[in-house]
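A.B. asks: One structure follows; several queries about it will come next.
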Amino acid sequence: MSTPPDKRVAFVTGGSRGIGEAIVRQLANDSMHVVAVARNSEKLAGVLAGLTTAGHSVEALSIDVGDGVALAAGVEAIIEKHGRLDVLVNNAGITRDGLFMRMEDKDFDDVININLRAAFVACRAAARSMIRAKWGRIINIASVSGLIGNAGQVNYSASKAGLIGMTKSIARELAGKQVTANCVAPGFTTTDMTDVLPPQIREKVVELIPLRRFGSPADVAHMVAFLASEHAGYITGQVIAVDGGMAM
Ligand code: NAP
């Protein structure tokens, strides 16, 4: 199946649940063909079945983004199949929290590999097609932790701060070809990632959020959809926090 010539194609990593699932739903609603990527193919199929039934154009790709060869091949296969890749959202992310003095090298490396290196690999694989089309939107999901740090997240904060620096550099390299690259930096958002927080920690966190609540995946997805749209063509190299005011 190839997409109609006027239909934009989006590639969203971590699209099976949480923020990524909300992004997949939003971009599909915005009439894009959306490729949702995650490891768990059953979970992906469940999300996409509902969207397909509702008439949306979506497909699943089961890949571990930590495998750079498989990820690059996945991006290239989508470009080959559809003849284009307009929007890349690097959203897949993991945490391996712990105090930095006790952190194992593997917990540092795993987080950098999934949160930062995979985004680099996907951006590089997607860029040529966007440059050729003289239109492209790269949106990397960073975090408030990459902006202000977070105790217990030295690996995660480093990966997200790295993502921000990488995105700004890509934005500078690709601006001449009308390809934009931006970060969205969510604050505490209600997903599986934050469901593990004990109630007393959640209460303390909410006190640090000026808007006094966790965000929803849809809060983040709306910003991603805007950055992916025609309306955001003059925005590049930015970090937009969707964090209830936490990092202001
Ligand atoms: P989540 O609920 O844990 O979902 C993570 C998604 O990434 C899932 O679809 C998961 O699917 C996929 N994923 C994880 N490892 C993967 C791998 N190796 N290969 C392919 N897919 C993988 O996370 P979330 O809370 O929605 O977070 C999404 C993004 O927002 C992350 O980058 C996170 O750092 C960022 N963020 C989240 C918050 C928050 O409070 N939730 C705050 C700031 C930033 P599989 O497990 O099936 O692979």
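A.B. asks: Enumerate by residue number the trypsin sites (Lys or Arg not before Pro) in segment 166-232 meeting two conditions: DSSP loop (anything except H, G, I, E, B), and at most 15 other Cβ atoms within 10 Å of the site's Cβ.
C.D. replies: R212, R213
A.B. asks: Now for a separate question. Tell me which residues come under 5 Å, amide H to amide H, from M103 once H is placed; ignore anything under 5 positions away on its chain.
C.D. replies: Amide H to amide H, under 5 Å and 5 or more residues apart or across chains, M103 pairs with nothing.
A.B. asks: Would you mind checking which residues have amide H under 5 Å from V239's amide H? H placed 1.01 Å from N; only 5 or more apart, or other chain.
C.D. replies: C183
A.B. asks: For q values of 0.16, 0.17 Å⁻¹, compute log₁₀ I(q)/I(0) with the Debye formula on a Cα-only model of segment 152-248, without solvent.
C.D. replies: Each listed q corresponds, in turn, to -0.77, -0.85.
A.B. asks: With θ taken as phi - 60° and the coefficients 6.51, -1.76 and 1.60, list the Karplus ³J(HN,Hα) couplings across segment 44-60 in order, rounded to whole Hz; mark glycine and proline as x.
C.D. replies: 4, 4, x, 5, 6, 4, x, 5, 5, 4, 7, x, 7, 9, 9, 8, 10
A.B. asks: So which lysines can K7 reach, going by Cα to Cα under 26 Å and dropping same-chain residues fewer than 8 places off?
C.D. replies: Candidates past the 8-residue exclusion: K43, K81, K134, K177.
A.B. asks: Give a quick list of GluC sites (Glu not before Pro) in segment 53-128 that DSSP marks as loop, anything other than H, G, I, E or B, with at most 13 other Cβ atoms within 10 Å.
C.D. replies: In loop regions of segment 53-128 (DSSP not H, G, I, E or B), the sparsely surrounded GluC sites (Glu not before Pro) are E104.
A.B. asks: Assign unit charges at the C-beta atoms only (+1 for Lys and Arg, -1 for Asp and Glu), then state the dipole size of the chain relative to its Cα centre in Debye, rounded to the nearest 20.
C.D. replies: Its charge dipole is roughly 600 debye.
A.B. asks: Starting at the first residue of segment 86-103, write each ³J(HN,Hα) from the Karplus equation 6.51 cos²θ - 1.76 cosθ + 1.60 with θ = phi - 60°, in whole Hz, x for Gly and Pro.
C.D. replies: 8, 10, 10, 10, 8, 10, 4, x, 9, 10, 9, 6, x, 5, 5, 5, 10, 6
A.B. asks: For segment 26-41, what does the Karplus curve 6.51 cos²θ - 1.76 cosθ + 1.60, with θ = phi - 60°, yield as ³J(HN,Hα) per residue in whole Hz, taken in order and with x for Gly and Pro?
C.D. replies: Calculated HN-Hα couplings, in order: 5, 5, 5, 4, 8, 6, 8, 7, 10, 9, 9, 10, 6, 7, 7, 5 Hz.
A.B. asks: Turning to a different aspect of this structure: Taking loop as defined by DSSP and a crowding limit of 15 other beta carbons within 10 Å, which chymotrypsin sites (Phe, Trp or Tyr not before Pro) in segment 207-245 fit?
C.D. replies: Listed in order of number, the matching sites are Y234.
A.B. asks: For the chain, take the longest principal axis of its alpha carbons; what is the angle in degrees between that and the long axis of helix 217-228, to the nearest 10 within 0 to 90?
C.D. replies: Taking Cα atoms only, the helix is inclined about 40 degrees.
A.B. asks: Would you calculate a helix-derived [θ] at 222 nm for the chain, using -39,500 (n - 2.57) for each DSSP H run of n ≥ 4 and dividing by the full residue count, to the nearest 500?
C.D. replies: Counting only the DSSP helices, I get -14500 deg cm²/dmol.
A.B. asks: Additional query: Tell me the label-point distance for the pair R212, Q200, using the 7 Å Cα-to-Cβ offset, in nm and rounded to one decimal.
C.D. replies: About 2.3 nm, to one decimal.
A.B. asks: A follow-up question, please. Round to the nearest 10 and give me the degree value, 0 to 90, for the angle of helix 199-208's Cα axis relative to the longest principal axis of the chain.
C.D. replies: 80
A.B. asks: Same structure, new question: Measuring from label point to label point, each 7 Å out along Cα→Cβ, what is the E76 to F120 span in nm?
C.D. replies: Modelled inter-label distance: 1.9 nm.
A.B. asks: Next question. Using the scaling law 2.2 N^0.38 Å as the reference, what is the normalised Cα Rg of segment 1-152? If you can, show how the numbers build up before the last one.
C.D. replies: On the way: Rg = 16.0 Å, N = 152, 2.2 N^0.38 = 14.8 Å.
Against the compact-globule rule of thumb, the ratio is 1.08.
A.B. asks: Return the single residue from A228, A151, A181 with maximal mean-square fluctuation; model: Gaussian network over the chain, springs between Cα atoms under 10 Å.
C.D. replies: A151
The numbers here are math on the coordinates, done by the rules we state, and not lab data. None of these values were measured; they are calculated from a predicted model. FYI the Cβ positions are ideal-geometry reconstructions off the backbone, even for glycines, and counts take in every protein chain you see.
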